[in-house]
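Comments concern the structure below.
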Amino acid sequence: SAELAIDRMSPLAEAILPLVPTVRGDFARADELLARSESLLLDLPWHEAVSVLTQAEIVRLHVGDDEAARASYLARLRARFGDGVTAVDNGDGALWHLHVILARIWAGELDGVEQHLVAIDTDMIVPEWARWARPWVTGLARERAGDIDGGRRLLTDAVAALDTELPLYRAHLHADLARMSLQAGHAETAGRATAHATELYTRLGAVPYLGR
């Protein structure tokens, strides 16, 4: 059966599974799979699988609207898997660093952002998306620190550097620019950014992000 097949999956595959229902909006299924993976990894904390679970949990928090859960996530992650789980030298690839950056911003750990960006920029294979991810997350950190217009300018730079990689995260960038532009009184820019985000989310079938 399908259930038996899932039972035989590796811890790494178990950690990846929640991503699809999360992006599709089946949160009950996503939460069930996240809890299942967490339970397995608390008993057998395999480094690579914990890294993937971390990313899956951050994706789940990002699509939700529980700001308190976002802000407390890193503390809960460290309580489960140890303080070193978010250390920059514990990283498992550029995407892991990108997700931990988002969680650090939610937690207000803004001083920790740059070290992860440096790790991405100095990786053996630097991803193309690093060019726009840096101004994007730096802009989010500025917003978190209260500098909305400074954050908006950085996100405008990020949009100018966009490529075709990571379409879901490109959509997030446009959505973030729309939010900051509206807050800064730039309604026309906000409208254009919202349209870009909506088009990408729709194309990806990322239903829960629409209308946010």
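Of all residues in segment 21-32, those that are open to solvent by less than 50 Å² (accessible area, probe 1.4 Å), over 24 Å from Ala94 (Cβ atoms) and not small (Gly, Ala, Ser) total 1.
Would you check if there is a residue in segment 158-177 being out of contact with any helix residue (DSSP H, G or I) (no Cβ under 7 Å at 6 or more places or on another chain), without any contact (Cβ under 8 Å) to a residue 12 or more places away in the chain, in a helix (DSSP H, G or I) and under 30 Å from Asp26 (Cβ atoms)? No, every residue in segment 158-177 fails to be out of contact with any helix residue (DSSP H, G or I) (no Cβ under 7 Å at 6 or more places or on another chain), without any contact (Cβ under 8 Å) to a residue 12 or more places away in the chain, in a helix (DSSP H, G or I) and under 30 Å from Asp26 (Cβ atoms).
Checked against (1) modelled with pLDDT under 95; (2) in a helix (DSSP H, G or I), Glu57 passes all but a single condition, namely (1).
Looking at Thr198, Thr138, which is the one that is of a type outside the set (Lys, Arg) and either surrounded by fewer than 20 Cβ atoms within 10 Å (Cβ to Cβ) or free of Cβ contacts under 8 Å to residues at least 12 places away in the same chain (or both)? Walk me through how you get there before you give the answer.
On the way: Thr138 fails: either surrounded by fewer than 20 Cβ atoms within 10 Å (Cβ to Cβ) or free of Cβ contacts under 8 Å to residues at least 12 places away in the same chain (or both).
Going through Thr198, Thr138 in turn, the sole match is Thr198.
For the condition of a type outside the set (Asp, Glu), touching a Pro at 6+ places or on another chain (Cβ under 9 Å), open to solvent by 30 Å² or more (accessible area, probe 1.4 Å) and at pLDDT below 95, what is the one hit in Leu204, Leu210?
Values: Leu210 fails: touching a Pro at 6+ places or on another chain (Cβ under 9 Å).
Selected residue: Leu204, the only one of Leu204, Leu210 that is of a type outside the set (Asp, Glu), touching a Pro at 6+ places or on another chain (Cβ under 9 Å), open to solvent by 30 Å² or more (accessible area, probe 1.4 Å) and at pLDDT below 95.
Please determine whether any residue of segment 152-164 is buried (at least 17 other Cβ atoms within 10 Å of the Cβ) and of a type in the set (D, E, K, R). Within segment 152-164, one or more residues are buried (at least 17 other Cβ atoms within 10 Å of the Cβ) and of a type in the set (D, E, K, R).
Residue-level analysis places Ile125 outside the set of residues that are open to solvent by less than 50 Å² (accessible area, probe 1.4 Å), closer than 22 Å to Tyr169 by Cα and either without any contact (Cβ under 8 Å) to a residue 12 or more places away in the chain or assigned to a helix (DSSP H, G or I) (or both). Considering only segment 33-88, state which residues are polar (S, T, N, Q) and crowded, with 16+ Cβ neighbours inside 10 Å. Passing the criteria: Ser37, Ser51, Thr54, Gln55, Thr86.
The values are calculated or read from the model by the stated rules, or taken from the named source; none is laboratory data. All figures in this text were calculated on a predicted structure; none of them were measured in a lab. Positions of Cβ are backbone-derived with ideal geometry, glycine not excepted, and every protein chain shown enters the neighbour counts. In case anyone asks, the SASA skips ligands and DNA or RNA and just uses the protein heavy atoms, side chains included. Shrake-Rupley method; radii C 1.70, N 1.55, O 1.52, S 1.80 Å.
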